[in-house]
1. How large is the charge dipole for the chain, taken about the Cα centre, if only the Cβ atoms of Lys, Arg (+1) and Asp, Glu (-1) carry charge, to the nearest 20 debye?
2. Rounded to the nearest 500, what is the 222 nm mean residue ellipticity of the chain from helices alone, with -39500 (n - 2.57) per DSSP H run of 4+ residues and division by all residues?
3. For the chain, what % of the accessible area comes from carbon and sulfur atoms, probe 1.4 Å?
4. In square angstrom, what is the accessible area per residue of the chain with a 1.4 angstrom probe?
5. Count the net charge of all other residues whose Cβ sits under 10 Å from the Cβ of T157, scoring Lys and Arg as +1 and Asp and Glu as -1.
6. Quote the Stokes-Einstein diffusion coefficient, in whole µm² s⁻¹, for the chain, based on the Kirkwood radius over alpha carbon pairs, a temperature of 4 °C and a viscosity of 1.567 mPa s.
7. Remind me, relative contact order of the range 120-254 in percent, using alpha carbon pairs under 8 angstrom and six or more residues apart?
8. Can you tell which of Y112, Q225, A189 lies farthest toward the positive end of the dipole of the chain, using +1 and -1 charges on the Cβ of basic and acidic side chains (Lys, Arg; Asp, Glu)?
Amino acid sequence: MKSYKIGLIKGDGIGPEIVDEAIKVLDAISVSQGFNLKYEEMLLGGAAIDEAGVPLPEETIQGVKKCDAVLFGAIGGPKWDGLERHLRPESGLLGLRKVMGTFANLRPAIVYDELINASSLKPEVVKGVDIMVVRELTGGIYFGEPREICSDRAFNTMVYTKEEVRRIAIVAFDIAMKRDKRICSVDKANVLEVSQFWRETVEEVSKDYPEVDLSHMYVDNAAMQLIREPKQFDVILTGNIFGDILSDAASMLSGSIGLLPSASIGNKVGLFEPIHGSAPDIAGQGIANPLATISSASMMLRYALGEIESADKIDGAIKKALREGYRTGDIGDYDAKEICTCSEIGDIVANYSSK
Ligand code: NAD
């Protein structure tokens with residue numbers, strides 16, 4: 001029987017509640033599909049500060065390296081907001097992403113038919129939207145040198161090496177091959193040399209993927225097109241800063257922050273997490289929506305472990321639960337048959353996944 005080691009970082013606020021529901025679903029699917037998952041819990045963020053005095057303990061750094069994948073809830077909360085920046089929970093997460101070397105951030109934006117009215121856009125505009133934003137995560141202007149702030153000016157540098165562009169493009173093309181085989185590469189090649197270089201390099205990589213239809217779009221137009229006609233996109237491939245902005249805009253097409261997962265991959269071990277934070281305002285009440293985390297667990301099965309059938313079953317189970325009207329309170333205004341607790345939704349999805 002295949003066996004995988006999963007690092008679990010539950011984190012703070014609603015983190016432990018939502019990760020527990022994802023484990024419930026993973027346990028159900030692994031039993032029904034015949035593979036074995038071994039979990040190892042690790043500390044990060046506020047929970048790590050309380051226990052170990054730092055937001056990213058050395059045991060976590062060493063621990064994640066020995067895993068096949070890491071499932072993460074969320075970190076942070078008012079209890080730790082007064083700490084110095086380098087000691088705050090968020091610094092732990094940034095540090096973890098850095099040590100894991102995950103250079104590709106995948107952010108799906110899916111609009112579920114059952115929740116179509118939750119979007120701030122018209123139903124006919126968002127119906128059927130299923131986009132995957134592939135964002136380069138460890139290069140570009142956020143990391144470029146030199147960088148400086150002086151009294152009368154400040155500057156940052158946008159740099160991409162050929163290898164950085166090639167490897168993120170390969171991730172995007174591989175994903176496109178498993179989807180609708182369309183990539184829109186987003187840049188600002190009309191004004192930036194680095195974007196011109198990005199475009200040429202993506203074109204080179206595309207020669208190895210003749211089945212994939214590659215187009216290019218300037219980032220300002222892409223921002224407009226995402227709102228105007230989001231269904232035109234399948235995979236969006238873009239750099240760090242453009243992807244930061246576009247993936248947030250794309251995620252809001254679905255209308256609810258509690259539904260969307262993400263994956264950071266590219267190195268040996270990937271990190272899978274919901275896009276939302278630790279929601280301290282509702283922590284401990286059992287009302288958090290666990291679907292984004294369950295969906296992140298599905299991405300982990302698909303992209304890290306290659307358990308595609310299991311991932312499809314979980315995605316199908318989430319859709320079925322929504323179709324039948326089961327909702328947590330955050331999406332309770334949209335065609336709900338029953339308002340459920342976090343744990344009840346976990347039970348329902350686990351049950352449907354294993355059928
Ligand atoms: P947030 O995403 O935690 O919450 C925003 C709003 O959405 C809140 O009203 C919250 O109740 C609601 N919400 C979020 N997730 C939900 C879910 N699963 N179910 C139902 N409702 C949900 O953002 P915030 O309030 O700006 O930040 C709270 C804390 O989380 C801060 O300490 C912040 O630094 C941290 N944070 C962590 C991450 C992360 O761990 N990746 C990301 C963003 C924010």
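1. 600
2. -12000 deg cm²/dmol
3. Result for the chain: 52 percent of the exposed heavy-atom area is carbon or sulfur.
4. Here the per-residue accessible area is 44 Å².
5. Local charge sum for T157: -1.
6. This corresponds to a translational diffusion coefficient of 62 µm²/s.
7. Relative contact order here is 38 percent.
8. So the residue we want is A189.
The values are calculated or read from the model by the stated rules, or taken from the named source; none is laboratory data. All of these numbers come straight from a predicted model, not from anything done at the bench. Glycine gets a Cβ as well: all are built from the backbone with ideal geometry, and neighbour counts include every protein chain shown. SASA here: full protein model, heavy atoms, side chains in, ligands and nucleic acids out. Shrake-Rupley method; radii C 1.70, N 1.55, O 1.52, S 1.80 Å.
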